[in-house]
Amino acid sequence: MPDGTVYAGLSMTTGKPSFVAAAGTRMPDGTIYAGISPDTGKRMYTTPADAPDVYTWSNAAEYCKTLSASGRVDWRVPSIGELAVQFGNRADIGGFNETGRMDNATGYYWSSLQAGDDQAWAQRFNDGFHEHPNKDLASLLRCVR
C-alpha cells in the first residue's frame, strides 16, 4: 500500500494510530481543519474567522500572503475548488457570512482563480452560487493553508 495509507485508523506505514480529523475540528495551533483540498489531495486548514475587512482581489491575495496567524506564514487565497470545500463544510467550520448580497460583494468569498484581466471567481455562502465579479470590488476572504 502507498505510504501514509490509513486502514481502520492505523497507518499502513507505521502501524500506529492515525489522526483523522472531522471538518471543523480546531487544531492545537488554533487553525480549523476545513477538509481535503481537491487540488492537492492534502489536508487543508483555515483561519478560525474571516479576514477582518473586505478586500479587492489583489488586496486579498496580499493579505493572505503576508498573514502570520496561529504560528503559520503559509496562508493563501483558496482555489475555487477549495472554496467549494469550505462552503460544503461551512456549518462545521463556522463563522462565514451567509447574507449573499452582491452589492459590494458582501456574502461572496474570493477564490484565487482569475476570470480574465478584470474579474475573478468568488462564491456566495448562502447558496453556493459562483460569480466572477470585478477584481476591484470589495469582497470577503477566508485564507487557507
Problem - P(r) weight above 19 Å for the stretch 23-131, C-alpha pairs, percent - result: 42
Problem - TYR63, TYR55, TYR108 arranged by Cβ crowding within 10 Å, fewest neighbours leading - result: TYR63, TYR55, TYR108
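Let's test the formula: R0 of 22 Å, r as the Cβ-Cβ distance of SER58 and THR99. What FRET efficiency results, to the nearest 0.05?
Working: r = 24 Å, r/R0 = 1.07.
Once the sixth-power term is evaluated, E becomes 0.40.
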Problem - Nonlocal amide H pairs with ALA120, under 5 Å, H built at 1.01 Å - result: ALA115, LYS135
Handout entry: Simple label model, 7 Å out from Cα along Cβ direction - GLN114 to ARG72, nm
Key = 2.6
Exercise for the section: Show the residues, 5+ positions off or on another chain, whose built amide H is closer than 5 Å to the amide H of CYS143. Expected result: THR47, ALA51
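Could you put VAL77, VAL54 in order, starting from the residue whose Cβ has the fewest other Cβ atoms within 10 Å?
On the way: VAL77 25, VAL54 19.
Least crowded to most crowded, the residues run VAL54, VAL77.
Can you tell me which of 83-89, 124-130 comes out highest on packing, and rank the rest after it, using the mean Cβ neighbours within 10 Å? Write out the running numbers ahead of the final one.
On the way: 83-89: 20.3, 124-130: 15.9.
For the peptides 83-89, 124-130, the packing ranking is 83-89, 124-130.
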Exercise for the section: Read phi for every residue in the stretch 35-51 and hand back ³J(HN,Hα) as whole Hz from Karplus 6.51 cos²θ - 1.76 cosθ + 1.60, θ = phi - 60°, with x for Gly and Pro. Expected result: x, 8, 5, x, 8, 10, x, 10, 4, 10, 10, 10, 6, x, 8, 4, 4
Exercise for the section: Find the centroid of the Cα atoms in the stretch 82-145 and in the stretch 63-79, then give the distance between the two in whole Å. Expected result: 17
Completion exercise
Least to most buried among LYS65, LYS135, by other C-beta atoms within 10 Å and fewest first, runs LYS65, LYS135
Exercise for the section: Set the Förster radius R0 to 25 Å, insert the Cβ-Cβ distance between THR25 and LYS65 as r into 1/(1 + (r/R0)^6), and round the FRET efficiency to 0.05. Expected result: 0.45
Handout entry: the stretch 124-139 - phi-based ³J(HN,Hα) in whole Hz, Karplus 6.51/-1.76/1.60, Gly and Pro as x
Key = 7, 9, 8, 9, x, 4, 9, 9, 10, x, 4, 4, 7, 6, 8, 9
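Quick note: the coordinates plus some simple rules give every number you see, no bench work behind them. A quick note: this is a predicted structure, and the numbers were derived from the prediction, not measured. Counting neighbours? That spans all protein chains shown, and the Cβs are built from the backbone with ideal geometry, glycine included.
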